[in-house]
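Worksheet: the structure to be examined is printed underneath.
No lab work stands behind these numbers, since they all come straight from the coordinates. Remember, it's a predicted structure, so these values are computed and weren't measured experimentally. Here Cβ is always computed from backbone atoms with ideal geometry, including for glycine, and neighbour counts include all displayed protein chains.
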Amino acid sequence: MKRLQFAILLSIPLCWFFFKLLPVYTHPSDCSVANFIYAENFEHLKIWCFDANSTVRFDDSSNFLYVLSLWLLIHFFKFTTLKAAFAVSAFSMLMSVYLLQRIIDTRFWSVNLLLVGLLFMSTQIWAGTLGDEILFQGMLWLFAIRSFWKHRYFWLMIWCTLNIMARPDNILIVLPLIIASYWDYAALKDRDKRKFIIRRIRRTFALFIFPTIGYFIYRYLYFGKVLPYNWLHHSLETDKQFGIFNFEAYNFLKHYLRYYTIPLVIGVAFYFLKERKKINIRYYALALSLLVIPMVYSCTFSQDENLAFKNYYPVYLGLIILSLLFIRDFRSITQGITTAVFVIFFGFKISFVYFQHTLQSYNNNEFYIANDLAQIHNGKAIVYYNTFIDWLTEWQTTYASGKHTTDGHKLSQDELASSMADVIITDNISDKKILSEKYAFFSVPKNTRQYEKETKPENSLDQFFYKYSRKTPVNKNDNFTMLVWKFGNNYEDIKKVLENHGAKEISKTKK
C-alpha cells in the first residue's frame with residue numbers, strides 16, 4: 001500500500017501541472033486528430049470498421065485500445081472528447097508511476113529520486129500533446145514488463161495480447177519477453193519440467209496465440225490489412241539507407257541517441273559489456289525487446305507521426321528501467337553517475353525545450369479557424385494532412401494525399417478542380433492555373449502571434465507561461481495556403497473567418 005501512496009503522491013503534482021495549468025492542452029496536434037475522429041465515429045456514426053460506401057472516409061487508429069478507451073468514456077460517462085483524453089492520459093500517468101515503482105522495487109531513496117526525475121522529463125516531453133496515445137501505450141508496455149520481471153506468466157500473456165490489440169506491431173516487442181520466460185525451465189527439478197512445459201504451452205496458445213490470430217483475422221477482413229498506417233512503411237529508392245532502412249528515420253535515431261540519451265546509452269552498454277556473463281537472461285530480454293528491436297524497427301518506416309521522438313518511447317523506457325535495475329541489483333556507481341548526468345545535464349534541459357515548443361500549440365491558428373468554420377454547416381474540405389477541420393467541424397473531409405483511404409488514391413489536379421469543395425488546404429500545389437479559375441487563394445498565418453499582439457498578463461503564474469511561450473521565436477512568413485471556392489454558398493462566410501484570423505488573399509499576379 002505504501003508504494004501505491006507514493007505513486008499517487010508523485011502523480012498528483014504531475015497531473016495537476018500538465019492537465020490543469022498548461023493551456024496547450026486545449027489544442028491537440030494534428031497527429032491526435034485521427035484518434036478523435038475514430039472515437040467520435042464510434043459514438044455518432046456507429047461505424048466500427050471502414051465502410052467503402054460511406055461519405056466519411058477514415059482509417060483505423062494506430063492504437064485501437066486507446067480509441068476504444070476514449071469511446072467508452074464518451075459513451076457511458078458522457079465525457080467530451082477533450083475530457084476523455086484528459087482522463088485516459090491522467091490514468092496512464094498514474095499507473096505508469098505505480099508500475100515503475102513495482103518493477104524497480106527498491107528501498108533506496110537515491111533510486112527513487114532518479115525515478116522521479118526521469119518520470120518528470122518523460123511527462124514533459126511525451127505528455128505535451130493532448131490526444132496522443134503514447135502515455136497510454138507506455139502504460140501497456142509497463143504492465144507486460146512488470147509481469148515478465150515478476151515471473152507471472154499468466155498475466156504476461158494477457159498483457160502481451162492487449163499490447164498487440166492496441167498496436168499490432170507490438171508483437172515485435174513482446175515476443176522476446178515470452179521466449180525468455182521459458183528460461184525458467186532451467187531452474188526446475190527434473191520431475192517438474194514436463195508439467196511446466198505443458199502448462200506454459202497451454203497458456204501460450206489459449207491466452208496469446210489464438211486471441212492474436214483471431215484479432216489479425218478481424219483486422220484483415222474489415223480493413224484489408226494487418227498493420228495500421230501501412231503507408232508509413234513505403235520508402236522510395238532515394239529515401240533508403242543501407243537497403244532496408246528509411247534515410248530520414250535512420251538519422252532521427254542517430255540524433256535521438258546522440259543528443260538526447262547518450263549518458264544512459266553509455267551506462268547501459270558499459271554495464272552489459274562489463275558484467276555480460278553475470279547478468280541474468282531477463283536483462284538481455286529487456287534490452288532486446290525495448291532497445292534493439294525498436295531501434296531497428298523504427299528505422300524501417302518514415303517519421304511523419306514522430307512528435308517529440310514518440311517512436312523512441314520504448315527505447316526511453318528501456319534505458320530507464322535497465323539503468324535503475326542495474327543500480328538496484330548491482331550497486332553500480334558507474335551506472336548511477338551516467339544516469340545522474342542524463343537527468344541533470346541532458347534531461348531537464350531537453351524537457352524545458354519541449355515545454356517551450358508545446359506551449360506554441362496555444363497559438364495554433366488552424367485551431368481557431370476550425371472553431372469558427374464549425375459554425376458553417378454542410379461544408380466540404382479537401383486536405384493533404386490531418387487538420388482540425390475534420391475533427392472540430394461536421395464538414396465532409398477528403399484526403400487528397402491518399403491518407404485514411406483503403407487504396408491510397410491521390411487526387412489529381414483535374415479531380416481537385418472538379419471537386420466543388422468549399423476549401424482546399426495545402427502547403428504546396430504545383431499547378432495553380434487550373435484551380436485559380438474557381439478558387440480564391442488565401443495566405444493564412446500558422447501562428448496567432450504573427451498577426452496579434454498580446455499584452456503581458458498581471459498574474460505571476462500566467463506570466464510564467466507567457467514568458468516561456470515566447471522564448472521560441474515566430475517566423476512571420478510561416479503561412480499555409482487555403483483555397484476557397486468562389487462560387488460556393490459559403491464563400492463570403494469563409495472569407496470573413498479567414499480575414500478575421502490574419503489571412504490575406506493572394507492576388508492573381510502573385511500566383
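Quick notes on this structure:
- The string of couplings for the range 483-492 from the Karplus curve (6.51, -1.76, 1.60, θ = phi - 60°) is 9, 10, 5, 5, 9, x, 5, 9, 4, 5 Hz, one whole number per residue in order, with x for Gly and Pro.
- Length available on full extension from Ser443 to Asn475: 0.36 nm per residue minus the Cα-Cα distance, which gives 10.1 nm.
- Loop chymotrypsin sites (Phe, Trp or Tyr not before Pro), the range 434-511 (other Cβ atoms within 10 Å of the site Cβ: 15 or fewer; DSSP): Tyr451, Phe487
- Protection proxy ranking, highest mean first, for peptides 135-141, 39-45: 135-141, 39-45, where packing is the per-residue count of other beta-carbon atoms within 10 Å, averaged.
- Inter-part distance where the range 478-508 and the range 313-341 are each reduced to a Cα centre, Å: 54
- Efficiency of FRET between Ile179 and Arg276 - r from beta-carbon atoms, R0 22 angstrom, step 0.05: 0.70
- Legend: distances between Cα atoms for Lys225/Lys403; Lys380/Lys496; Lys349/Lys467; Lys446/Lys471; Lys349/Lys453; Lys83/Lys453; pairs beyond 20 Å are Lys349/Lys453; Lys83/Lys453.
- Above-threshold pairs, the threshold being 31 Å between Cα atoms, out of Lys410/Lys504; Lys310/Lys438; Lys150/Lys277: Lys310/Lys438
- When each of Tyr316, Tyr98 is scored by the number of other beta-carbon atoms lying within 10 Å, the sequence from fewest to most is Tyr98, Tyr316.
- Shape category assigned to the range 364-510 from the gyration tensor of Cα positions, a/c cut at 1.5: prolate
- Bridge type composition, the range 364-510 - antiparallel percent by DSSP, nearest 5: 65
- Modelled spin-label separation between Ala87 and Phe348, with each label point placed 7 Å from Cα along the Cα-to-Cβ direction: 3.7 nm.
- With R₀ set to 30 Å, the beta-carbon distance separating Leu221 from His377 gives a calculated FRET efficiency near 0.25.
- Of the peptides 384-391, 167-174, 247-254, the order by per-residue mean of other Cβ atoms within 10 Å, starting with the highest, comes out as 384-391, 167-174, 247-254.
- Cβ-derived FRET efficiency at R0 30 Å, Leu68 paired with Lys195, nearest 0.05: 0.20
- 3J(HN,Hα) from dihedral phi, the range 312-328, Karplus parametrisation 6.51/-1.76/1.60, rounded to Hz, x for glycine, proline: 10, 4, x, 5, 4, 4, x, 5, 4, 4, 5, 4, 6, 5, 5, 5, 5
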